[in-house]
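Worksheet for the structure shown next.
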Amino acid sequence: MSVFILAANIALMVLFDFYVGLLLQGNLPMAIDFVTRHNDCFIDIIILSTVATVSQFFISYTIRNFGALAFATIMTTRQLVSILLSCVWFAHPLSAEQLIGALIVFGTLYSKSFLKSKPGPLPSEQTENEASGPARATT
């Protein structure tokens, strides 16, 4: 079943990205001309589109199993690493305002993620516990 879903997503991605998006913007003839002149770029387009489609499965899996806060933490960490690598690799300095903004954004998310007093059960665990255990009286 998941192979079918993957194939359907790839087909829809090709249909939407290559035709509908380019057609609505009026860039389809230029894109077709470019790909016909540079045949080697077609494999790069397919790889990039396939990786983007597969990444949607990982995003869905992460949110379903670990929650939106964990996903936001993962994505924010990725952005933080990207910013730090850009600063080091390309010698892009951060201004004082950029540094303060980054500290506020990353600090807020990490404080929510790491300073949680007690993580609550996932919704799937909660329904399993309610279904399998006896009903408890609340007083």
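Observations on the structure shown:
- 3J(HN,Hα) from dihedral phi, the range 94-103, Karplus parametrisation 6.51/-1.76/1.60, rounded to Hz, x for glycine, proline: 9, 6, 4, 5, 5, 5, 5, x, 5, 5
- The stretch between Arg64 and Ala102, if pulled fully straight at 0.36 nm per residue, gains 10.9 nm over its current Cα-Cα span.
- Label-to-label distance, Ile32 versus Leu80, with points set 7 angstrom from Cα along the beta-carbon direction: 4.8 nm.
Read the figures in this text as sums done on the coordinates, not as results from a lab. Being a predicted model, the structure only gives us computed values, none of them experimental. For neighbour counting, all protein chains shown are included, and Cβ atoms are generated from backbone atoms with ideal geometry for every residue, glycine included.
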